[in-house]
Amino acid sequence: MDKMERGFAVVSGKKDQQLNLPKRQTKQAAGYDFECSEDFVLPSIWKFNFVKIIRGLLHHEELHDEDYEAANQVLKPFLVPTGIKSYMKENEFLMLANRSSNPLKRRLVLPNGVGIVDADYYDNDSNEGEIFFQLLNFGVKDVVIKKGERIGQGIFIPYLLADNDEQPTSERKGGFGSTKK
């Protein structure tokens, strides 16, 4: 990275798709706006099988483990692609946050509140470090996100280590959600 400290690049598999690198929209903006890299349909959660669980709870019906498991299989966020990766210094991370207009205007939320992109996610073997936004659509209709629409923002943040931090010996093996115990 030769003296470059932090920034963005397009993943190699999407170089020919004319994607825009994230950018701030105003002089005082902390966040870099990310765009969706392709047309993407984010289905409404109300279309999925977990509605059976709600109906059963409301009507005091007997529900079984299989009912709960079936609901859990479908009630999960979708990974909305950006085609972008981010490099940063070792003591920094990129915090992914929702756009303030998403829940109010489009009924889109980040189910975990924020996302964390670690410095070692960049150029990982699994997906080259492509950043995805986990989104849920709690509206009653599907939402079509067009290529180039802003879906979230990223903020570079330094972090501190505890006095007695034990330096982990493992290295990142994969991409999204790959850190497991």
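Laboratory data are not the source of any read-out in this text; all were calculated from the coordinates shown. Worth saying up front: this structure is predicted, and the values here are computed from it rather than measured. Glycine gets a Cβ as well: all are built from the backbone with ideal geometry, and neighbour counts include every protein chain shown.
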Report the residue, chosen from Gln18, Gln134, Gln167, that carries the largest GNM mean-square fluctuation when the chain is represented by alpha-carbon nodes joined by springs under 10 Å. Gln167
Relative contact order for region 1-70: what percent, with Cα pairs under 8 Å and sequence separation of 6 or more? 17 percent
Max mean-square fluctuation residue, GNM over the chain, Cα-Cα springs under 10 Å, options Asp67, Asp163, Asp118: Asp163
I need the calculated FRET efficiency for the pair Gln73 and Val41, taking r as the beta carbon distance and R₀ as 22 Å, to the nearest 0.05. 0.70
Cα→Cβ-extended label distance, 7 Å offset, between Arg55 and Asp142, nm: 2.1 nm
Using a Cα-Cα cut-off of under 12 Å, which aspartates and glutamates could be cross-linked to Lys47, ignoring same-chain neighbours fewer than 8 residues away? Asp142
Between Val109 and Ala29, what is 0.36 nm times their sequence separation minus the Cα-Cα distance? Round to one decimal in nm. 26.7 nm
Between Asp16, Asp120, Asp165, which gets the highest mean-square fluctuation from a Gaussian network model of the chain, Cα cutoff 10 Å? Asp165
So what is the relative contact order for the chain, in percent, with contacts set as C-alpha pairs under 8 Å and at least six apart? 31 percent
Could you compute the net charge surrounding Gly56? Neighbours are other residues with a C-beta less than 10 Å from the C-beta of Gly56; K and R count +1, D and E count -1. -1
With a 26 Å threshold on alpha-carbon distance, the violating pairs from Lys3/Lys23; Lys52/Lys141; Lys76/Lys141; Lys15/Lys141; Lys3/Lys27; Lys105/Lys147 are Lys15/Lys141
Taking +1 at the Cβ of each Lys and Arg and -1 at the Cβ of each Asp and Glu, which of Ile131, Gly83, Leu108 sits farthest along the dipole of region 41-176 towards its positive end, judged by Cα position relative to the Cα centre? Leu108
What shape does region 1-52 have by the C-alpha gyration tensor, where a ≥ b ≥ c are the square roots of the eigenvalues, rounded means a/c under 1.5, and otherwise prolate means a/b greater than b/c and oblate the rest? prolate
Ellipticity estimate at 222 nm from DSSP helix runs (n ≥ 4, -39,500 (n - 2.57)) divided over the chain, nearest 500: -3000 deg cm²/dmol
Defining a contact as two alpha carbons under 8 Å apart and six or more residues distant in sequence, what relative contact order in percent does region 39-83 show? 47 percent
In degrees, nearest 10, the alpha-carbon axis of helix 65-74 is tilted away from the dominant principal axis of the alpha carbons of the chain by 40 degrees
